[in-house]
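The values are calculated or read from the model by the stated rules, or taken from the named source; none is laboratory data. In this text the structure is predicted, and so the values were computed from the model without any measurement. Backbone-built Cβ (ideal geometry, glycine too); neighbour counts: all protein chains shown. Remember, those area values only see protein heavy atoms, side chains included, never the ligands or the DNA or RNA. Shrake-Rupley method; radii C 1.70, N 1.55, O 1.52, S 1.80 Å.
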Amino acid sequence: MKLGGVELKDVKNKSIRQLVANFRNEYISNGIDEKTMSDDPIQQFEKWFKEALDNKVLEPNAFHLSTCSADGRPSGRVMLLKGFSEEGFVFFTNYESRKGNDLEENANASMTFIWLELYRQIRIEGKVSRISGKDSDEYFRSRPRGSQIGAAVSAQSRVLSGREELENAANELEKKFSGEEIPRPHNWGGLILKPSRIEFWQGRVNRLHDRIFYEAADGGTWTKTRLYP
Ligand SMILES: Cc1cc2nc3c(=O)[nH]c(=O)nc-3n(C[C@H](O)[C@H](O)[C@H](O)COP(=O)(O)O)c2cc1C
């Protein structure tokens, strides 16, 4: 019996460090025919997202967000996509967090979705800006009260003395606004990445994967090419 491409008996007898190089799965799929890919990558994203839902991909709206500070230090973290349209891809966070600060200094960012159940990856690059306060308010109001409190008491990415401090702050805020709406914190809201490049990756056997790459020209029209895997 195999686990992640590794024989189970090996998993028992070897250390994880020895085993890591042996993890190897074949990615079996029908591949991508670029002729069937939409000329508009946002529409193509929508189509693949629907296929991810149909195939019960776990957390299909989770993506990896890469940012880079002005002095060239990259950092990444997982986020949740909360909307997309021709305008771009929207997510919510603390504007004063590490990623928030990076994006203040350097608006260039990239998003990576990985849908392992389908052997698919989507990479999106572009510039990030804030959405309107009105749109952030609207989304904040739609969140469960517990999540609103969580966002309001978290000085995201700053040092915390201990778990207790966070829980006390949450309890105090709950008391302060008992029976009232929690206001959206001024430093929390939505960001939108306007894409200039989008790549769809489909795993195939023998690592002969498919990659279809879209790039927006200055006027906004998309070109579509195939890249070596
Ligand atoms: C599945 C998953 C979803 C997440 N979604 C968000 C999110 O939508 N917004 C957010 O601020 N952090 C989210 N996080 C936490 C971030 O990964 C990260 O820890 C946090 O935003 C602080 O990052 P920073 O210090 O680089 O700013 C999520 C984490 C995971 C694992």
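Take A151 and decide whether it is open to solvent by less than 20 Å² (accessible area, probe 1.4 Å) and in a helix (DSSP H, G or I). Answer is yes for this residue.
Against the conditions (1) buried (at least 19 other Cβ atoms within 10 Å of the Cβ); (2) small (G, A, S); (3) away from the ligand (no atom under 16 Å from the Cβ), G179 satisfies every one except (1). Picking from residues in segment 121-148 that are acidic (D, E) and outside any strand (DSSP E or B), the one that is nearest to F91 (Cα to Cα) is D135.
Of the residues making up segment 12-47, those that are open to solvent by 40 Å² or more (accessible area, probe 1.4 Å), outside any loop (DSSP other than H, G, I, E, B) and over 30 Å from G220 (Cα atoms) are K12, N13, I16, R17, Q18, V20, A21, N22.
Can you say whether E164 is open to solvent by 40 Å² or more (accessible area, probe 1.4 Å), farther than 16 Å from N94 by Cα, touching a helix residue (DSSP H, G or I) at 6+ places or on another chain (Cβ under 9 Å) and part of a helix (DSSP H, G or I), as far as the supplied structure shows? So E164 fails the test.
When segment 151-167 is examined, which residues are found to be out of contact with any Gly (no Cβ under 9 Å at 6 or more places or on another chain) and within 10 Å of the ligand (Cβ to nearest atom)? If the condition is that a residue be out of contact with any Gly (no Cβ under 9 Å at 6 or more places or on another chain) and within 10 Å of the ligand (Cβ to nearest atom), then A151, S154, R158 are the ones that fit. Restricting attention to segment 93-120, the residues that are more than 11 Å from the ligand (Cβ to nearest atom) and part of a strand (DSSP E or B) add up to 9.
Quick one: which residue in Y95, Y139 is buried (at least 19 other Cβ atoms within 10 Å of the Cβ), of a type outside the set (A, V, I, L, M, F, W, C), closer than 20 Å to A152 by Cα and in contact (Cβ under 8 Å) with a residue 24 or more places away in the chain? Only one candidate qualifies: Y95.
Within segment 113-129, the set of residues being under 14 Å from the mean Cα position of the chain (by Cα) and either of a type in the set (S, T, N, Q) or at pLDDT below 95 (or both) comprises just one member, Q121.
Residue count for segment 197-229 under the criterion of being assigned to a strand (DSSP E or B) and of a type in the set (S, T, Y): the result is 3. For segment 66-92, taking the residues that are on the phi < 0 side of the Ramachandran plot, outside any strand (DSSP E or B) and not hydrophobic (A, V, I, L, M, F, W, C), the one that is most open to solvent (accessible area, probe 1.4 Å) is identified as R73. The selection criterion, being aliphatic (A, V, I, L, M), surrounded by fewer than 19 Cβ atoms within 10 Å (Cβ to Cβ), over 26 Å from G133 (Cβ atoms) and within 12 Å of the ligand (Cβ to nearest atom), holds for L58.
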